[in-house]
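The values are calculated or read from the model by the stated rules, or taken from the named source; none is laboratory data. Because the structure is predicted, anything quoted here is derived from the model rather than measured. Glycine also receives a Cβ, built like all others from the backbone with ideal geometry; neighbour counts cover every protein chain displayed.
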Amino acid sequence: MQDDTYSPPDTPLSVLHADHEIVVVDKPSGLLSVPGKGDHLADCLLTRVQEAFPTALLVHRLDRDTSGVMVFALSPHAQRHLGLQFEKRQVKKTYVARVAGDLQPDTGEVDLPLVVDWPNRPRQKVCHETGKPAQTEWKVVRRGDGETRVRFFPKTGRSHQLRVHALALGHPILGDPFYAEGPARDHPRLMLHSEELRLRHPDGGRGMRFRAKPPF
C-alpha cells in the first residue's frame with residue numbers, strides 16, 4: 001500500500017475523554033497519526049485533534065492502518081509526564097487482532113529484537129545482531145474459520161512490533177499490507193486495534209483506563 005493511495009476516512013473525531021491536561025480519542029483505521037511528507041499526506045489525527053483542541057501535543061503513535069485508543073497531551077507538562085510513562089514502559093497497552101491460522105498455545109510471549117528493513121522500509125524485521133529489544137505477550141480469545149482472535153500485550157513499543165511478532169509466530173495479522181500474503185492479506189483493513197490504555201493522569205498521578213471497542 002503506497003502513499004499515493006492515501007485516502008483517509010472522512011469520519012468525525014471520536015473523543016473518549018477530555019479534561020484540562022489530556023484528550024483521548026478512538027483513531028480510525030487508514031488515518032495517519034502525524035502528517036507525512038507532502039501536502040497529500042497532511043490530513044492526520046494530530047491535526048484533526050488540534051482543530052478541536054488547539055493546544056494538543058503528540059505523545060505516541062499508532063500505525064496508519066491500526067485503529068483504537070490514542071492519548072494526546074494538552075500542555076507541555078502533560079506531554080512530558082505521559083512521554084516518560086511511555087518511555088519507562090509504565091503505560092499498559094492492550095490490542096485486539098485477528099490473525100491467520102490456529103495460533104497455539106493459548107498464551108505465550110514473543111521476545112525478538114526488531115530493526116528497520118532498510119531496502120523495504122517502512123517494513124521492520126527480526127535481527128539478533130542490530131535489533132532493539134521487543135517483547136509481546138499474547139492471549140487467545142477464540143479460534144475458528146481458519147483464524148484466531150487474540151489479545152496482544154506489548155511490553156515495548158517498537159514500530160510494527162505486533163505485526164512482525166505475529167508474522168514470526170507464523171500467524172500474520174489479517175489484512176496486513178506489509179506482512180500478510182494471499183488470502184490473509186485480502187481483507188478490507190488491518191485487523192489490529194488498540195483496545196485499552198492504562199496510564200497515570202499528569203495532574204496528580206491517578207490511574208486511568210481508556211477503552212475503545214474493536215470495530216471487527
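Would you confirm, using the coordinates I've provided, whether Gly170 is surrounded by fewer than 19 Cβ atoms within 10 Å (Cβ to Cβ), assigned by TED's automatic domain parsing to the domain that holds Trp118 and farther than 18 Å from Arg123 by Cβ? No. Please pick out the residue among Thr94, Thr107, Thr148, Thr130 that is touching a His at 6+ places or on another chain (Cβ under 8 Å) and touching a residue at least 12 places away in the same chain (Cβ under 8 Å). That would be Thr148, the only listed residue that is touching a His at 6+ places or on another chain (Cβ under 8 Å) and touching a residue at least 12 places away in the same chain (Cβ under 8 Å).
Within the stretch 38-64, how many residues turn out to be among the acidic types (Asp, Glu) and buried (at least 20 other Cβ atoms within 10 Å of the Cβ)?
Filtering the stretch 38-64 down to residues among the acidic types (Asp, Glu) leaves 39, 43, 51, 63.
Filter again for buried (at least 20 other Cβ atoms within 10 Å of the Cβ), leaving 63.
Total meeting the criteria: 1.
Scanning the stretch 197-216 for residues that are under 20 Å from Val150 (Cβ atoms) and crowded, with 19+ Cβ neighbours inside 10 Å yields Leu197, Ala212.
Residues in the stretch 1-48 that are in a helix (DSSP H, G or I) and touching a His at 6+ places or on another chain (Cβ under 9 Å) were compared, and the one that is farthest from Arg198 (Cα to Cα) is Asp4.
Can Leu62 be described as touching a residue at least 40 places away in the same chain (Cβ under 8 Å) and either aromatic (Phe, Trp, Tyr) or assigned to a loop (DSSP other than H, G, I, E, B) (or both)?
Yes: the conditions hold for Leu62.
Reported count of residues in the stretch 166-190, each being over 24 Å from Pro9 (Cα atoms) and outside any helix (DSSP H, G or I), is 5. For the stretch 65-82, the set of residues classified as within 15 Å of Leu197 (Cβ to Cβ), under 12 Å from the mean Cα position of the chain (by Cα) and not in a strand (DSSP E or B) consists of Thr66 only. Checked against (1) of a type in the set (S, T, N, Q); (2) surrounded by 14 or more Cβ atoms within 10 Å (Cβ to Cβ); (3) not in a strand (DSSP E or B), Ser194 meets all criteria but (3). Consider the stretch 13-30 and keep the residues that are surrounded by 20 or more Cβ atoms within 10 Å (Cβ to Cβ) and of a type in the set (A, V, I, L, M). The one that is farthest from Arg211 (Cα to Cα) is Ile22. Contact map, the stretch 25-54: residues that are closer than 20 Å to Gly68 by Cβ and in the same structural domain as Thr66 (by TED's automatic domain parsing) paired with residues that are part of a helix (DSSP H, G or I) and modelled with pLDDT of 95 or more, Cβ distance under 6 Å, separation 6+ or inter-chain. Pairs shown: Lys27/Leu45; Leu31/Leu45; Ser33/Leu45; Val34/Leu46.
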